[in-house]
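The values are calculated or read from the model by the stated rules, or taken from the named source; none is laboratory data. Please read all numbers here as calculations on a predicted model, not as lab measurements. Positions of Cβ are generated from backbone atoms using ideal geometry, with glycine treated the same way; all protein chains shown enter the neighbour counts.
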Amino acid sequence: MLSKYATELKRITDRINSNDIIGIVHHDDSDGNCAGVIIAKALEKLRGRRIDFEISGNYYDIKEFCSKCIRKKANYVFITDITAEQQPQLLKELSKHATVILLDHHKSYGDVSSKNILFIKSHFYNPKIEPAKYCAAKLCYDLFSELVDLSDIDWICSIGIIGDMGYEQWKDFVDTALKKQGLKVKKDIFQTEFGKINSLVLSSRLYSMTLRNRIFEILYDADNYKDVLKSELQKAGAVIEEINWYLKNHKKFMKKYGDLLLFEIKPKYGINADLSTQLAGIYPHNTIIVAVEMRGKIAISARRADFKKPMNTLLEKATEGISDSNAGGHSVAAGAGVRKNDYEKVIGRIISLS
Ligand SMILES: [Mn+2]
């Protein structure tokens, strides 16, 4: 028996034929790329032909990818790991041209379900699992597995799980996938081959736009994890080295405001998100803020591993009314972007609000 949401999904996939144009839009992180690949693999198995195009996106470029999908004349657009419902008008516009399927696990910004939009959040699918831990890759894997056998790509799903800090929740699944590949389960999951691929993926998007836009295809075309490890994603090792340098020297940059630890740095690559995640591992009971200057803007990452303070709310409040700014994410991990001129004001608010 299919679940309610798999039934709705099947109603759509049953309609898709080989002439239809299918586009996939996915978040550009590990989870998003893996979720996108899982959808694409499932659709290829179901209709016997590869999807037509794929876009690596983010919650702040919804307008851009919606118009791109319209330009490319997509009949079906799958969006995953992005809170596209933040822009209901744009989705509505897109749904006049295509059937839109939104598969996500971030907090819901409102229900955009309609005749032509299938809106599925992981907590609709399984309310017992904390949405932050029911990452998009696992959601897509579980949903589509009700329609088609995806067990050959459980390793791709595992990489997404590790990337979105879901290992604890899905330990048995990931351990099984590792053993299936003849790999050892390690205490620090990031030290496994899947963990290393996760770092390469995360770093590739920081290395260059070109490399970022290759991640999906490299994962898609890989026969197994080894192909990914020896792919051009290796170039991103330079980014990993930079992150490691800042980890080792982080105390030189650390400013303390109560339980908030602020790191203002000027790295070569946009390492703020990854560095802050790793710092949160070292300081789980502190609010970690990493601010990085990038192309005239400041990117801010906030982390709080013990769930004591919600980081998405903190950044949303701190950027309220600031023009040309954006903020979003989860309770444990959130991000914001502000203009350089507004930084002092925003950081002041972050310090006083936290
Ligand atoms: Mn995710």
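Looking at this structure, is residue 100 farther than 23 Å from residue 219 by Cα, in the same structural domain as residue 148 (by TED's automatic domain parsing) and not in a helix (DSSP H, G or I)? Working first, answer last.
Numbers: farther than 23 Å from residue 219 by Cα: yes; in the same structural domain as residue 148 (by TED's automatic domain parsing): yes; not in a helix (DSSP H, G or I): yes.
Against the criterion (farther than 23 Å from residue 219 by Cα, in the same structural domain as residue 148 (by TED's automatic domain parsing) and not in a helix (DSSP H, G or I)), residue 100 qualifies.
State all residues of segment 13-43 that are outside any helix (DSSP H, G or I) and within 16 Å of the ligand (Cβ to nearest atom); if no residue qualifies, say none. Spell out how you get there, then give the answer.
We begin by selecting, within segment 13-43, every residue outside any helix (DSSP H, G or I); these are 14-29.
24, 25, 26, 27, 28, 29 - these are the residues of segment 13-43 that are outside any helix (DSSP H, G or I) and within 16 Å of the ligand (Cβ to nearest atom).
If you take the residues of segment 63-97 that are polar (S, T, N, Q) and either in contact with a helix residue (DSSP H, G or I) (Cβ under 6 Å, 6 or more places away or on another chain) or assigned to a loop (DSSP other than H, G, I, E, B) (or both), which of them is farthest from the ligand (Cβ to nearest atom)? It would help to see each step written out before you state the result.
Step one: list which residues in segment 63-97 are polar (S, T, N, Q), which gives 67, 75, 80, 83, 86-87, 89, 95.
Within this subset, residues satisfying the condition of being either in contact with a helix residue (DSSP H, G or I) (Cβ under 6 Å, 6 or more places away or on another chain) or assigned to a loop (DSSP other than H, G, I, E, B) (or both) are 75, 80, 83, 87.
Working: 75: 26, 80: 8, 83: 10, 87: 18 Å.
Across segment 63-97, the extreme among qualifying residues is 75.
Just one of 160, 195, 166 is within 20 Å of the chain's Cα centre (by Cα), within 16 Å of the ligand (Cβ to nearest atom), among the small types (Gly, Ala, Ser) and over 22 Å from residue 43 (Cβ atoms); which is it?
166
Going through segment 44-57 one residue at a time, which ones are hydrophobic (A, V, I, L, M, F, W, C) and either assigned to a strand (DSSP E or B) or within 16 Å of the ligand (Cβ to nearest atom) (or both)?
Start the filter on segment 44-57 by keeping residues that are hydrophobic (A, V, I, L, M, F, W, C), which leaves 46, 51, 53, 55.
Correct list: 53, 55.
Listed residues 96, 72; which is of a type in the set (D, E, K, R), surrounded by fewer than 24 Cβ atoms within 10 Å (Cβ to Cβ), touching a Gly at 6+ places or on another chain (Cβ under 8 Å) and over 22 Å from residue 10 (Cβ atoms)?
Values: 96 fails: touching a Gly at 6+ places or on another chain (Cβ under 8 Å).
72 is the lone residue from the list that is of a type in the set (D, E, K, R), surrounded by fewer than 24 Cβ atoms within 10 Å (Cβ to Cβ), touching a Gly at 6+ places or on another chain (Cβ under 8 Å) and over 22 Å from residue 10 (Cβ atoms).
Name the single residue, out of those in segment 110-160 being outside any helix (DSSP H, G or I) and of a type in the set (Val, Ile, Thr), that is nearest to residue 224 (Cα to Cα). Please lay out each step first, then the result.
Let us first name the residues in segment 110-160 that are outside any helix (DSSP H, G or I), namely 110-121, 126-135, 146-150.
From the residues that got through so far, the ones that are of a type in the set (Val, Ile, Thr) too are 112, 117, 120, 129, 148.
Details: 112: 37, 117: 34, 120: 29, 129: 29, 148: 19 Å.
Only one residue fits best here, namely 148.
Looking at segment 311-332, can you tell me whether even one residue there is hydrophobic (A, V, I, L, M, F, W, C) and out of contact with any helix residue (DSSP H, G or I) (no Cβ under 8 Å at 6 or more places or on another chain)?
The initial filter retains those residues of segment 311-332 that are hydrophobic (A, V, I, L, M, F, W, C), namely 311, 314-315, 318, 322, 327, 332.
Now restrict to residues that are out of contact with any helix residue (DSSP H, G or I) (no Cβ under 8 Å at 6 or more places or on another chain): 311.
For segment 311-332, residues hydrophobic (A, V, I, L, M, F, W, C) and out of contact with any helix residue (DSSP H, G or I) (no Cβ under 8 Å at 6 or more places or on another chain): present.
Restricting to segment 285-312, name every residue that is surrounded by fewer than 16 Cβ atoms within 10 Å (Cβ to Cβ) and either assigned to a helix (DSSP H, G or I) or small (Gly, Ala, Ser) (or both).
The answer is 296, and nothing else.
How many residues, within segment 169-192, are within 16 Å of the ligand (Cβ to nearest atom) and farther than 15 Å from residue 34 by Cβ?
The number of residues fulfilling the criteria is 1.
For (1) over 17 Å from residue 132 (Cβ atoms); (2) modelled with pLDDT of 95 or more; (3) assigned by TED's automatic domain parsing to the domain that holds residue 259; (4) touching a Gly at 6+ places or on another chain (Cβ under 9 Å), each residue gets a yes or a no:
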| position | (1), (2), (3), (4) |
| --- | --- |
| 311 | no, yes, yes, yes |
| 318 | yes, yes, yes, yes |
| 334 | no, yes, yes, yes |
| 339 | yes, yes, yes, yes |
| 344 | yes, yes, yes, no |
| 349 | yes, yes, yes, no |
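Report whether or not residue 22 is hydrophobic (A, V, I, L, M, F, W, C), farther than 20 Å from residue 154 by Cα and touching a Lys or Arg at 6+ places or on another chain (Cβ under 9 Å).
Details: hydrophobic (A, V, I, L, M, F, W, C): yes; farther than 20 Å from residue 154 by Cα: yes; touching a Lys or Arg at 6+ places or on another chain (Cβ under 9 Å): yes.
Answer is yes for this residue.
Could you grab the pairs with beta carbons closer than 7 Å, sequence gap of 6+ or different chains, first residue in segment 89-105 and touching a residue at least 60 places away in the same chain (Cβ under 8 Å), second one among the β-branched types (Val, Ile, Thr) and surrounded by fewer than 22 Cβ atoms within 10 Å (Cβ to Cβ)?
99/12; 101/12
Collect the residues in segment 179-193 that are part of a loop (DSSP other than H, G, I, E, B) and exposed (fewer than 15 other Cβ atoms within 10 Å of the Cβ), keeping them in residue-number order. Explain how you work it out, then say what you get.
If we filter segment 179-193 for residues that are part of a loop (DSSP other than H, G, I, E, B), which is where we start, we get 181-188, 192.
182, 184, 185, 186, 187, 188, listed by residue number.
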